[in-house]
Amino acid sequence: MIPEQAAAAAVPSQIVENAVRVRNVVKKYEMGDVVVEALRGVNLEIRRGEYISIVGPSGSGKSTLFNMVGGLDKPTEGRVYIDEVDIAQLDAYELAWLRCRKIGYIFQTFNLIPVMTALENVTLPMIFAGGTGDDSIEKGAQILGMVGLGDRLRHKPVELSGGQQQRVAIARAFANDPSIILADEPTGNLDTKTGIEIINLLKELNAEKNTTIITATHDLKMLDVSDRIIHIQDGRVSKIETRAEANLDVGRLDGQEVG
């Protein structure tokens, strides 16, 4: 089965309401004679266009769940569906195809290629997806303009601030019009003011493009703009709450309310 068929085979004719479905997911890691159960029967649904934050202490299984949703790892038991495609049933090539076209990734450390310009970093995923050079350059420039870097197309990462590098990373994540953006602590290496700018940018793009955004974060400011907050504890979903239900004390910055 070619990747396009594999990615579409399980999708019903009607519009899919859930971007992600996690069903009874267990993940075990063998460490010598010890078996570590990182996830213990997780069930979760994330609707298309939602802005979700996943939170939990170190060792809770938060990162493991994040990697499952991103197709970076497969469950020991259970199922993970991306746009109703059971990713556990895909081979390596099909999974790479789905990740390239369906999911955009934003990392805490930016992960830009240092020898490439901002424009080249953004167009690279399009080329991997089979885009042509001229079309990719035009689209890359458009996306960089959308994130406020229209005048930094030819700058390399070392010539950009941390906030500007993260904007390039966001533009790269949106390069192939993914249905899901996974953001792993996207404000972790940024100062407070720049972090707020990045959070607001992600929220704007979420609203404009109806892209599902899933973050793993400890940043209260990011939780403050989330539709729902998913708490992970000891490998299980311990609580799911809306922003209205969450008791957040985000605070103030430079005399202005944050959030």
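Which members of segment 191-213 meet the condition of being aliphatic (A, V, I, L, M) and under 17 Å from Arg172 (Cβ atoms)?
Ile198, Leu201, Leu202, Leu205, Ile213, listed by residue number.
Residue by residue, here is whether (1) within 19 Å of Ile103 (Cα to Cα); (2) outside any loop (DSSP other than H, G, I, E, B); (3) without any contact (Cβ under 8 Å) to a residue 40 or more places away in the chain; (4) open to solvent by less than 50 Å² (accessible area, probe 1.4 Å) holds:
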residue: Ala19; (1), (2), (3), (4): yes, yes, no, yes
residue: Val22; (1), (2), (3), (4): yes, yes, no, yes
residue: Val25; (1), (2), (3), (4): no, yes, no, yes
residue: Glu37; (1), (2), (3), (4): no, yes, no, no
residue: Ile46; (1), (2), (3), (4): yes, yes, no, yes
residue: Gly49; (1), (2), (3), (4): yes, no, no, yes
residue: Ser53; (1), (2), (3), (4): yes, yes, no, yes
residue: Met68; (1), (2), (3), (4): yes, yes, no, yes
residue: Arg79; (1), (2), (3), (4): yes, yes, no, no
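I'm told Leu72 meets every condition in (1) aliphatic (A, V, I, L, M); (2) under 24 Å from His218 (Cβ atoms); (3) in a loop (DSSP other than H, G, I, E, B); (4) in contact with a helix residue (DSSP H, G or I) (Cβ under 7 Å, 6 or more places away or on another chain) except one. Can you identify the failing condition by its number?
Of everything listed in (1) aliphatic (A, V, I, L, M); (2) under 24 Å from His218 (Cβ atoms); (3) in a loop (DSSP other than H, G, I, E, B); (4) in contact with a helix residue (DSSP H, G or I) (Cβ under 7 Å, 6 or more places away or on another chain), Leu72 misses just condition (4).
Tell me whether segment 153-160 contains one or more residues that are in contact (Cβ under 8 Å) with a residue 40 or more places away in the chain, in contact with a helix residue (DSSP H, G or I) (Cβ under 8 Å, 6 or more places away or on another chain), part of a loop (DSSP other than H, G, I, E, B) and under 30 Å from Ser58 (Cα atoms).
no
Inside segment 108-150, can you point out the residues that are part of a loop (DSSP other than H, G, I, E, B), of a type outside the set (S, T, N, Q) and in contact with a Leu (Cβ under 9 Å, 6 or more places away or on another chain)?
Within segment 108-150, Leu112, Ile113, Met116, Val147, Gly148, Leu149, Gly150 qualify.
Could you list, in sequence order, all residues of segment 95-104 that are touching a helix residue (DSSP H, G or I) at 6+ places or on another chain (Cβ under 6 Å) and open to solvent by 20 Å² or more (accessible area, probe 1.4 Å)?
Trp97, Cys100
What residue, among those in segment 202-226 that are among the charged types (D, E, K, R) and in contact with an Asp or Glu (Cβ under 9 Å, 6 or more places away or on another chain), is surrounded by the most Cβ atoms within 10 Å (Cβ to Cβ)?
So the residue we want is Asp219.
In the list Ala169, Ala183, which residue meets the criterion of being closer than 13 Å to Val122 by Cβ, in contact with a strand residue (DSSP E or B) (Cβ under 9 Å, 6 or more places away or on another chain) and touching a residue at least 60 places away in the same chain (Cβ under 8 Å)?
The match here is Ala169.
When you scan segment 117-142, how many residues do you find that are open to solvent by less than 80 Å² (accessible area, probe 1.4 Å), farther than 25 Å from Tyr93 by Cβ and aliphatic (A, V, I, L, M)?
3
This table checks each residue for (1) loosely packed, with under 14 Cβ neighbours inside 10 Å; (2) of a type in the set (S, T, N, Q).
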{"residue": "Leu144", "(1), (2)": "no, no"}
{"residue": "Leu149", "(1), (2)": "no, no"}
{"residue": "Lys156", "(1), (2)": "no, no"}
{"residue": "Arg172", "(1), (2)": "no, no"}
{"residue": "Thr187", "(1), (2)": "no, yes"}
{"residue": "Ile198", "(1), (2)": "no, no"}
{"residue": "Gln233", "(1), (2)": "no, yes"}
{"residue": "Ser238", "(1), (2)": "yes, yes"}
{"residue": "Thr242", "(1), (2)": "yes, yes"}
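Name the single residue that is farthest from Ile181 (Cα to Cα) among those in segment 81-90 being in a loop (DSSP other than H, G, I, E, B) and open to solvent by less than 20 Å² (accessible area, probe 1.4 Å).
That would be Leu90.
The values are calculated or read from the model by the stated rules, or taken from the named source; none is laboratory data. These numbers were taken from a predicted model, which means no experiment stands behind them. Cβ sites come from the backbone with ideal geometry, for glycine too, and all protein chains shown count toward neighbours. Remember, those area values only see protein heavy atoms, side chains included, never the ligands or the DNA or RNA. Shrake-Rupley method; radii C 1.70, N 1.55, O 1.52, S 1.80 Å.
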